[in-house]
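Input: a single structure, listed below in structure tokens.
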Amino acid sequence: MKIELLDKTKKKRIIAQIEKFGIKKIPQLLIRTGTERIRAYSGSLSNEEIVSLWSFLPFEGIGLYVAKEITDRHARTAVRLSVDALHLWKNQISENIFILTKEQEAQWFLGKNIELNEEQKKLWENRSDYVAVKSSDENDFIGMGKINGGLIYNYLPKERRRKSQVIS
């Protein structure tokens, strides 16, 4: 698998895609692995050392997986942040935040798509975009979703989902 260290221009293009969340600056080095995965690296290796090491010993995972760059069927590019990116850059995220109710949160962790209630529909009507999803107590980001047509589509990875409903 090929890795690509993103230069300033490509990094600015990624930041422009995620500015809708309020993120203005990414201090880490961004690395593209494969065709769409983006990782953030903040270690002590220089760009030259990373490339040199990779040419000697090819590796896929350097840094933290933070985003996926997606091109849809209309050739539009979008960047979907990972759960880890939401936690890494949580102090910068101030926009496009969707807060779930307790009932919606229970369904979210089961991997279900969430139907918006009437109040949420009014707030988010005519919007079709990725949102950072927060828990009902508004303390923590719990994933990324995409609002479209009265639903929020769940992008929570399978390994982070609950197996069944927790009864309390």
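Taken together, the values in this text are just the output of simple stated rules run on the coordinates, not laboratory data. What you are looking at is a predicted structure, and each value in this text was computed from that prediction instead of being measured. Backbone-built Cβ (ideal geometry, glycine too); neighbour counts: all protein chains shown.
In the range 1-153, the ratio of gyration radius to Kirkwood radius, Rg to Rh, stands at 1.02 when only Cα atoms are counted.
Relative to its residue count, the range 3-88 spans a Cα convex hull of 100 Å³ per residue.
If I fit a long axis through the Cα atoms of helix 47-56 and take the longest principal axis of the Cα atoms of the chain, what angle between them do I get, 0 to 90°, rounded to 10? Taking Cα atoms only, the helix is inclined about 80 degrees. For Lys2 and Ser164, a Förster radius of 35 Å and the Cβ-Cβ distance give a FRET efficiency of 0.30, rounded to the nearest 0.05. Excluding same-chain neighbours fewer than eight residues apart, the lysines reachable from Lys121 by a Cα-Cα span under 19 Å are Lys102, Lys112, Lys134, Lys146.
For the chain, the longest principal axis of the alpha carbon atoms and the long axis of helix 8-18 meet at an angle near 10°.
State the dimensionless ratio Rg/Rh of the range 77-126 (Rg: radius of gyration of Cα atoms; Rh: Kirkwood radius).
0.99
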